[in-house]
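Participant: Sending over a structure as structure tokens; questions will come in a sec.
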Amino acid sequence: MKIDTKVKKTKKGGYSTTEEVLEKYRSSVPVVDMILHTRAIRKLLATYIDALPTLINSDTGKIHTNYNQTGTATGRLSSNNPNLQNIPVRTDDGREIRRAFIADPGCLMLSADYSQIELRLMADISGDPDMIGAFAEGADIHRATAAKIYHLAQQDVTDDERRNAKTANFGIIYGISAFGLAERLGIPRQEAKQLIEGYFRSYPKVKEYMENTVESAREKGYVATVMGRRRMIPEINSRSAVVRGYAERNAINAPLQGSAADIIKTAMVRIHRRMHAEGLLSKMIMQVHDELIFNVVPEELDAVQRIVTSEMESAYSGRVPLTVSSGVAHNWLEAH
């Protein structure tokens, strides 16, 4: 096995075996995949499988969390004691944890999730006509982006090209660099640089939005969401390039993530009011950023789905429609 002598080392001079380092060898060294898989299983056991049952309330037989309204700079709700917003979703093994979250006896669990809300907000706020058009046509935004970057018809886009475009779509709204994109996709830095340049050529208004937002933040010291809530960013005028760069990325993303937070909170209030006004027994039981989860009385399912979809999709009216996907099952895994 060849070891890259330039990889990170520990303070004692040994080779680092952190997940970040080992991931680079996952495809070429079989034992590395086994090590990472074992570590992941051990974390699931310790953090969720063994821990969550100990947190069940003896009076209700349920787990209860706290939601914090002012716990994040972007305005997102945060959750603690325990944090139910970090239940795994990225791996098959991790997703199985969600199977343990079930509806009340005789009830159903409804999951309603905004579809690509931050990308839709980027299209709306930036006013980029091609991105707006792709959403208006109901196109697969990642395939549409790949087609523009690689100068192809959408039907000719490969899975790898779509994957690259998807990573660029989500990465760029967080201010990802060519180095970061190269690391994430496992491609040369020059190729990642060309991918980002192709993205901005495809969506020039997005680049203009990002530049204008940073400049405005430098002048005002803050950015704002679509509902007018401000996030102060004093570090954007720092003398430190590292601190300033971090602040610039926050300036670009905060109006998007913050607007998404404002929108779902608005929807939550409206949904609660309508369900109460209609005398429904079903309850909203959890929020995970862009997703709402409900415990639903079966006879009320149609009414709840109608209310939830209507209020979530109408919580903000812009140039790009918001869309919601929902699922129903007896547990969270199958409902999502």
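The values are calculated or read from the model by the stated rules, or taken from the named source; none is laboratory data. Nothing here was measured: the structure is a model prediction, and the numbers come from that model. Cβ placement follows ideal geometry from the backbone for every residue including glycine, while neighbour counts extend to all protein chains displayed.
Participant: Do we have any residue at all in the range 87-98 that's at positive phi, in contact (Cβ under 8 Å) with a residue 40 or more places away in the chain and surrounded by 15 or more Cβ atoms within 10 Å (Cβ to Cβ)? Talk me through it step by step, then tell me what you get.
Facilitator: First, the residues of the range 87-98 that are at positive phi: none.
No; the residues of the range 87-98 include none that is at positive phi, in contact (Cβ under 8 Å) with a residue 40 or more places away in the chain and surrounded by 15 or more Cβ atoms within 10 Å (Cβ to Cβ).
Participant: Okay, moving on. For the range 61-117, name all the residues that are over 30 Å from Pro234 (Cα atoms) and β-branched (Val, Ile, Thr).
Facilitator: Scanning the range 61-117 gives Ile63, Thr65, Ile87, Val89, Thr91, Ile97, Ile102.
Participant: Within the range 38-50, is there a residue that is among the small types (Gly, Ala, Ser) and assigned to a helix (DSSP H, G or I)? Quick ask: steps written out before the conclusion?
Facilitator: Within the range 38-50, the first condition is being among the small types (Gly, Ala, Ser), and the residues that meet it are 40, 46.
Next, only the ones that are assigned to a helix (DSSP H, G or I) stay: 40, 46.
Checking the range 38-50: at least one residue is among the small types (Gly, Ala, Ser) and assigned to a helix (DSSP H, G or I).
Participant: Regarding Lys148, is this residue of a type outside the set (A, V, I, L, M, F, W, C), assigned by TED's automatic domain parsing to the domain that holds Ser202 and touching a residue at least 40 places away in the same chain (Cβ under 8 Å)? Give the derivation first.
Facilitator: Working: of a type outside the set (A, V, I, L, M, F, W, C): yes; assigned by TED's automatic domain parsing to the domain that holds Ser202: yes; touching a residue at least 40 places away in the same chain (Cβ under 8 Å): yes.
The answer is yes for Lys148.
Participant: Hey, among the residues in the range 137-170 that are exposed (fewer than 14 other Cβ atoms within 10 Å of the Cβ) and under 22 Å from Arg319 (Cβ atoms), which one's nearest to the chain's Cα centre (by Cα)?
Facilitator: Gly138
Participant: Say whether the condition of being closer than 21 Å to Tyr316 by Cβ and either under 24 Å from the mean Cα position of the chain (by Cα) or not in a helix (DSSP H, G or I) (or both) is met by at least one residue in the range 230-242. If you could, list the steps in order and put the result at the bottom.
Facilitator: Looking only at the range 230-242, we keep the residues that are closer than 21 Å to Tyr316 by Cβ, and these are 230-231.
With either under 24 Å from the mean Cα position of the chain (by Cα) or not in a helix (DSSP H, G or I) (or both) added as a condition, the list becomes 230-231.
Within the range 230-242, one or more residues are closer than 21 Å to Tyr316 by Cβ and either under 24 Å from the mean Cα position of the chain (by Cα) or not in a helix (DSSP H, G or I) (or both).
Participant: How many residues are polar (S, T, N, Q) and surrounded by 16 or more Cβ atoms within 10 Å (Cβ to Cβ) if we restrict to the range 221-254? Give the steps one after another, and end with the answer.
Facilitator: Step one: filter the range 221-254 for residues polar (S, T, N, Q), giving 225, 237-238, 240, 250, 253.
Then keep just the ones that are surrounded by 16 or more Cβ atoms within 10 Å (Cβ to Cβ); that gives 225, 250, 253.
Counting residues in the range 221-254 that are polar (S, T, N, Q) and surrounded by 16 or more Cβ atoms within 10 Å (Cβ to Cβ) gives 3.
Participant: Specify which of the listed residues (Gly318, Gly327) is within 23 Å of the chain's Cα centre (by Cα), small (Gly, Ala, Ser) and surrounded by 15 or more Cβ atoms within 10 Å (Cβ to Cβ). If you could, list the steps in order and put the result at the bottom.
Facilitator: Details: Gly327 fails: surrounded by 15 or more Cβ atoms within 10 Å (Cβ to Cβ).
From the options Gly318, Gly327, the qualifying one is Gly318.
Participant: Something else now. Restricted to the range 26-81, and to residues that are β-branched (Val, Ile, Thr) and within 30 Å of Ile173 (Cβ to Cβ), which residue is surrounded by the most Cβ atoms within 10 Å (Cβ to Cβ)? Walk me through it before giving the result.
Facilitator: In the first step, residues of the range 26-81 are kept if they are β-branched (Val, Ile, Thr); the result is 29, 31-32, 35, 38, 41, 47, 49, 54, 56, 60, 63, 65, 70, 72, 74.
Next, only the ones that are within 30 Å of Ile173 (Cβ to Cβ) stay: 47, 65, 70, 72, 74.
Numbers: Thr47: 16, Thr65: 16, Thr70: 8, Thr72: 14, Thr74: 18.
Filtering the range 26-81 for residues that are β-branched (Val, Ile, Thr) and within 30 Å of Ile173 (Cβ to Cβ), the one surrounded by the most Cβ atoms within 10 Å (Cβ to Cβ) comes out as Thr74.
Participant: A follow-up question, please. Go through the range 179-205 and count every residue that is in contact (Cβ under 8 Å) with a residue 60 or more places away in the chain and under 19 Å from the mean Cα position of the chain (by Cα). Give the derivation first.
Facilitator: Residues of the range 179-205 in contact (Cβ under 8 Å) with a residue 60 or more places away in the chain: 202-205.
Subset that is under 19 Å from the mean Cα position of the chain (by Cα): none.
So the answer is 0.
Participant: Looking at the range 260-319, which of its residues are of a type in the set (D, E, K, R), assigned to a helix (DSSP H, G or I) and more than 28 Å from Gly127 (Cα to Cα)?
Facilitator: Going through the range 260-319, the residues of a type in the set (D, E, K, R) turn out to be 262, 265, 270, 273-274, 278, 283, 290-291, 299-300, 302, 306, 311, 313, 319.
Checking which are assigned to a helix (DSSP H, G or I) leaves us with 262, 265, 270, 273-274, 299-300, 302, 306, 311, 313.
If the condition is that a residue be of a type in the set (D, E, K, R), assigned to a helix (DSSP H, G or I) and more than 28 Å from Gly127 (Cα to Cα), then Arg273, Arg274, Glu299, Glu300, Asp302, Arg306 are the ones that fit.
Participant: Take Ser177 and tell me if it is surrounded by 14 or more Cβ atoms within 10 Å (Cβ to Cβ), small (Gly, Ala, Ser) and modelled with pLDDT of 95 or more.
Facilitator: On the way: surrounded by 14 or more Cβ atoms within 10 Å (Cβ to Cβ): yes; small (Gly, Ala, Ser): yes; modelled with pLDDT of 95 or more: no.
No: the conditions fail for Ser177.
Participant: Of (1) acidic (Asp, Glu); (2) within 30 Å of Val304 (Cβ to Cβ); (3) assigned to a helix (DSSP H, G or I), Asp160 satisfies all except one. Which?
Facilitator: (2)
Participant: With (1) assigned to a helix (DSSP H, G or I); (2) within 17 Å of Arg249 (Cβ to Cβ); (3) without any contact (Cβ under 8 Å) to a residue 40 or more places away in the chain; (4) within 17 Å of the chain's Cα centre (by Cα) as the list, and Ile176 as the residue in question, which single condition is left unmet?
Facilitator: Unmet condition: (1).
Participant: Tell me the residue from Arg98, Arg120 that is basic (Lys, Arg) and closer than 27 Å to Glu299 by Cβ, please.
Facilitator: On the way: Arg120 fails: closer than 27 Å to Glu299 by Cβ.
Sole residue among the options that is basic (Lys, Arg) and closer than 27 Å to Glu299 by Cβ: Arg98.
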